[in-house]
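The values are calculated or read from the model by the stated rules, or taken from the named source; none is laboratory data. For clarity, every value in this text was computed on a predicted model and none was experimentally measured. Counting neighbours? That spans all protein chains shown, and the Cβs are built from the backbone with ideal geometry, glycine included.
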Amino acid sequence: MALGLGMVGVSVAHAAVPTAEQALQLQPIQPNVEYQQPKADEMAQCKVVAEKVGDAAGWVVTGPNGERLRVFLDTNDDKKVDFWSYYKDGVEVYRDVDTDYNGKADQYRWLGMAGTRWGVDVDEDGKVDGWKMISAEEVSSELVEAVKTGDVDRFVSLIPTDVELKELGLTGQRAKEIAEKVAKSEQAFVAWARSQTAIDKNTKWVHFGATRPGVVPAGSEGVTKDLVVYENAIAMLETGGEHNQIELGTLVRVGDTWRLIGVPNSGAGAADVASSGQGSFFSVSYNAGPAAGSGGMAVGAEIQELLNEMEKVDQQVANATTSQQREQLALERIEIIKKVVQAAKDDEMQTNWLKQLADALSGGIQTGELTQGLDQLQSLADQVEQRSPKTDLAAYVRFREMTAGYTMQFQDPKADYGKIQEAWLEKLEGFIDTYPKSPDAAEAMMQLAIAHEFAGEEDKAKKWYARIRSDFSGSTLGDKANGAIRRLDAVGQPFAIRGKTLDGKQLDSSALKGRVVLVQYWATWCEPCKDDMKVIRELQAKYGARGFQPIGVSLDSGEAELRQFLTANRLPWPQLYEEGGLDSRYAVEMGVLTLPTMVLVGKDGKVISRGLHISQLDDELSNLIK
């Protein structure tokens, strides 16, 4: 089998498997990708093997120690490579993908420790025209590169499109201000890039700085749905050993991407309406004060120096090879955060860093990285409660201390899980009594509701779901709780699911009356879901001609993983997908909180079962389909 091994505009057919040297000559289309390249004296130890990866055929290149270096695949069996994957230390970090199979890559993805970016190249010229996924940190890094290279288009890819502006759900004067700010951004960027002095061709992006993202709730002036926003974020820079920073202004999350609203303000005097406070999402109801206006957590030389230390520790963590090294570095990072808390210039900054401290301790304890961190976290929770009783901050720290302690108890092989669970539910109820209106109270209620639902105590579960719905109306958890009640009450009720399938077709299950419909909510990371698919495939072959129709609803966070799975595992039933994972519209509508979840709908369009186990499906279908 001959495969075209080439990149943009190149197609070199090989009748036999290429040599490792030939395969390793290929490079990522996007610059500055850190991937593993063997040394010249290691080349002879590298191997290329023709393999089948799922339904795709291609070559796998391995290094001297057997680790993967490259994977090149033909995913549509046209004898040409359309998937180029690059690895570092055996982990995939980047891929180029030709989704229209014309020999030119049109999508670029950074993976693993390389980040989350997923770029789209509409005209296939090797440049990213837009982003399907990009974090706020990566937006700030891309902005710096746009300035260094004078690439206006690279900047434009970081601001909202007209469609994305509409997705924000802004109305009235708020919508007008933000739209005007975005419309002027391209011209303002050119002027700002020329006048700014913080970035030159030798500048390196070092760090993204912000206290935390905030939520502009639905119902605020000109806002129809919750918006997640960074205000006064900064990018920290290094040029020739000297550190500097630029104020990024406002970033807003749109789906799986973050977007800049306007251009930065480096203090060089180039700021105008496109980089000033006008149009800020919090400008109507929030007056940040001097500290926030100066870049939030990066105010002052002392804090900046501490952040530099933290950056060095983070870099060391990425290269740590033993659990002891990782724990020591985690403790060093925690000590730095404590120093930042002490050096904080105002209450808001200190509050934000106290939350980061709680997150660092709780996260390290739950992953097992910190074996001795719980005492510190309990002490921190006690101190915050004494200093700021009944506040959201006290609730935030206490809830993370409770969660970390609960996780640690389950790690004990001799644990009495029943007693632990019983005590945990009591703790959750006590937390809700103490902090009934804190954001973490909603999460505590959700955990209680799920626990009761799993225990078969649906009335108790619905009581908690109903309280979340009423006390936290308009929030994501409030909407999920409403969906969970709908799911629990679904049997005997009409059910329809509507949307666009992965192949671009509109699907409306209400048009399938007269057929028995199984809706499977699943994700590629859910192994039991994939096991269930094997049974569904067999039952479709058995009952499909007699009126059985499965529908898949993917709750994956990224579309690329989903498409890659379906390329390797073709399923003969339609698949619905929208971005958002377990927070997507499909999950929220029916309160899908765990996977797998399956809903069986009868020929009359009404729900027969909303908690079906795969082992029950054959019997159900044999009774329903005569």
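Please state which one of Glu302, Glu231, Glu221 is at pLDDT 80 or above and among the acidic types (Asp, Glu).
When all the criteria are applied, what remains is Glu302.
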- Item | Gly499 part of a strand (DSSP E or B), within 22 Å of Asp583 (Cβ to Cβ) and either modelled with pLDDT under 95 or touching a strand residue (DSSP E or B) at 6+ places or on another chain (Cβ under 9 Å) (or both) | yes
- May I ask you to verify whether Gly478 is within 17 Å of Ile450 (Cβ to Cβ), without any contact (Cβ under 8 Å) to a residue 40 or more places away in the chain and not assigned by TED's automatic domain parsing to the domain that holds Val516? yes
- Query: Pairs, please: C-beta under 6 Å, at least 6 apart or cross-chain, first residue more than 15 Å from Gly209 (Cβ to Cβ) and in contact (Cβ under 8 Å) with a residue 12 or more places away in the chain and in segment 307-320, second in a helix (DSSP H, G or I) and of a type in the set (Lys, Arg)?
  - Reply: Val313/Arg333
- Query: Is there any pair linking a residue in segment 138-155 that is within 20 Å of Thr116 (Cα to Cα) to one that is part of a helix (DSSP H, G or I) and of a type in the set (Ser, Thr, Tyr), with Cβ under 9 Å and at least six apart or on different chains, and which?
  - Reply: Phe155/Ser185
- Query: Taking Glu327 and the conditions (1) under 26 Å from the mean Cα position of the chain (by Cα); (2) outside any helix (DSSP H, G or I); (3) over 27 Å from Pro439 (Cβ atoms), which numbered condition does it fall short on, given that it satisfies the others?
  - Reply: (2)
- For segment 421-478, enumerate the residues that are farther than 24 Å from Gly611 by Cα and of a type in the set (Phe, Trp, Tyr). Trp424, Phe431, Tyr435, Phe472
- Do you know which residues across segment 187-211 are in contact with a helix residue (DSSP H, G or I) (Cβ under 9 Å, 6 or more places away or on another chain) and more than 17 Å from Val152 (Cα to Cα)? Ala198, Asn202, Thr203, Lys204, Trp205, Val206, His207, Phe208, Gly209, Ala210, Thr211
- When Gln45 is evaluated against the numbered criteria (1) among the polar types (S, T, N, Q); (2) farther than 17 Å from Gln22 by Cβ; (3) surrounded by fewer than 18 Cβ atoms within 10 Å (Cβ to Cβ), which criterion, by number, is the only one it fails? (2)
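This table checks each residue for (1) in a helix (DSSP H, G or I); (2) in contact (Cβ under 8 Å) with a residue 12 or more places away in the chain.
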{"position": "Ile551", "(1), (2)": "no, yes"}
{"position": "Arg563", "(1), (2)": "yes, yes"}
{"position": "Pro572", "(1), (2)": "no, yes"}
{"position": "Glu579", "(1), (2)": "no, yes"}
{"position": "Thr594", "(1), (2)": "no, yes"}
{"position": "Lys603", "(1), (2)": "no, yes"}
{"position": "Glu620", "(1), (2)": "yes, yes"}
{"position": "Asn623", "(1), (2)": "yes, no"}
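Suppose we filter Ser140, Ser85 for residues that are under 21 Å from Glu34 (Cα atoms) and touching a Phe, Trp or Tyr at 6+ places or on another chain (Cβ under 6 Å); which single one remains? Write out each step before concluding.
On the way: Ser85 fails: touching a Phe, Trp or Tyr at 6+ places or on another chain (Cβ under 6 Å).
Exactly one of Ser140, Ser85 is under 21 Å from Glu34 (Cα atoms) and touching a Phe, Trp or Tyr at 6+ places or on another chain (Cβ under 6 Å), namely Ser140.
Residues Ala175, Ala146, Ala188, Ala136: which one is closer than 27 Å to Val206 by Cβ, outside the structural domain of Val93 (by TED's automatic domain parsing), at pLDDT below 90 and of a type in the set (Gly, Ala, Ser)? Explain how you work it out, then say what you get.
Values: Ala175 fails: closer than 27 Å to Val206 by Cβ; Ala146 fails: at pLDDT below 90; Ala136 fails: at pLDDT below 90.
After applying the criteria, what remains is Ala188.
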- Of the listed residues (Ala175, Ala179), the one being touching a residue at least 40 places away in the same chain (Cβ under 8 Å), crowded, with 17+ Cβ neighbours inside 10 Å and farther than 21 Å from Leu237 by Cα is Ala175
- Item | Members of segment 1-43 found to be of a type in the set (Ser, Thr, Tyr) and either at pLDDT below 90 or out of contact with any strand residue (DSSP E or B) (no Cβ under 8 Å at 6 or more places or on another chain) (or both), listed by number | Ser11, Thr19
- Task: Working carefully through the options Ser323, Ser283, find the one that is modelled with pLDDT of 80 or more and farther than 22 Å from Thr197 by Cβ.
- Result: Ser323
- Within segment 51-99, residues being at positive phi and either without any contact (Cβ under 8 Å) to a residue 12 or more places away in the chain or among the hydroxyl-bearing types (Ser, Thr, Tyr) (or both) number 1
